[in-house]
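The values are calculated or read from the model by the stated rules, or taken from the named source; none is laboratory data. Since we're looking at a predicted model, the values are computed, not measured. Backbone-built Cβ (ideal geometry, glycine too); neighbour counts: all protein chains shown.
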């Protein structure tokens, strides 16, 4: 049997990726690809960059060759449209038309929502960054395979300013919290099924620390930190926990439990997607 093939769709522009790298982080697609290779050993994971001018993007026939595709987060705003955004919407439609399993994190959920007829807005409650607290499964979310092995109420690594305003037809909202009514969803579009989260199950604490440094003064201006020194100290502590999640006093200070500290639990949504969407579709296509 051929090796599994997965596609990571990078949501950021080259400039956005460079800003994260300069802040000591990595492009979201690099981290996502690393996680997918870890969760599905032997998989071939490709990355494409639809926000880059002249990017060579797969169409429907191209994405049919993949067993699954994921869309990363992004600093872009889907409602602004334009040459960095529109190709991503069209690529999401191509993945759905091919009935290739699709997972979207944050920006990814927003792109899939717009591609299937919903809308996205700037969250009137403001930015949610660091950790999304008390995310609660809906009636549809309880018992949904995305959340197998996950608690009914949990915290998650997150960073977003925008949110789903109106869901597209065929959407089941799976979780919500006080910041956003749509923290995750299953979206059915024809015969296609996509899963998405507004938070980032793929992120490490090191990824969110780099994101804090990348936004820097913006977060000070928004009132999250009194000054840049406090921001950098906070990010440094997250980096320390990322290296050693057993540092009890830091985990206590940031109110972090095993749902975030234990990687196997933190990434459950993605590992469940591989088990319940990617692998069954791969077998259906005679590849597994």
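Residues that are without any contact (Cβ under 8 Å) to a residue 60 or more places away in the chain: find the strands (runs of 3 or more DSSP E) completely inside region 1-119 holding 2 or more of those. So the answer is 44-48. Scanning region 176-216 for residues that are within 16 Å of the chain's Cα centre (by Cα) and within 18 Å of residue 164 (Cβ to Cβ) yields a total of 16.
In the list 271, 180, which residue meets the criterion of being in the same structural domain as residue 91 (by TED's automatic domain parsing), in contact with a strand residue (DSSP E or B) (Cβ under 8 Å, 6 or more places away or on another chain) and touching a residue at least 24 places away in the same chain (Cβ under 8 Å)?
Working: 271 fails: in contact with a strand residue (DSSP E or B) (Cβ under 8 Å, 6 or more places away or on another chain).
One residue alone meets the criteria, 180.
For region 100-113, the criterion of being surrounded by fewer than 24 Cβ atoms within 10 Å (Cβ to Cβ) and either closer than 17 Å to residue 278 by Cβ or under 11 Å from the mean Cα position of the chain (by Cα) (or both) is met by no residue.
Residues in region 1-19 that are over 16 Å from the mean Cα position of the chain (by Cα) and over 16 Å from residue 84 (Cα atoms): 6 in all.
Conditions (1) surrounded by 12 or more Cβ atoms within 10 Å (Cβ to Cβ); (2) not assigned by TED's automatic domain parsing to the domain that holds residue 153, marked per residue:
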site	(1), (2)
217	no, yes
221	no, yes
226	no, yes
232	yes, yes
237	yes, yes
242	yes, yes
246	no, yes
249	no, yes
267	yes, no
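Under the condition of being touching a residue at least 60 places away in the same chain (Cβ under 8 Å) and in contact with a helix residue (DSSP H, G or I) (Cβ under 8 Å, 6 or more places away or on another chain), the residues counted in region 134-159 number 12. Is it the case that region 198-218 has a residue that's in contact with a strand residue (DSSP E or B) (Cβ under 7 Å, 6 or more places away or on another chain) and part of a strand (DSSP E or B)? No, region 198-218 contains no residue that is in contact with a strand residue (DSSP E or B) (Cβ under 7 Å, 6 or more places away or on another chain) and part of a strand (DSSP E or B). With respect to residue 129, is the statement that it is assigned by TED's automatic domain parsing to the domain that holds residue 163 and crowded, with 22+ Cβ neighbours inside 10 Å true? Taking the combined requirement at face value, the residue does not satisfy it.
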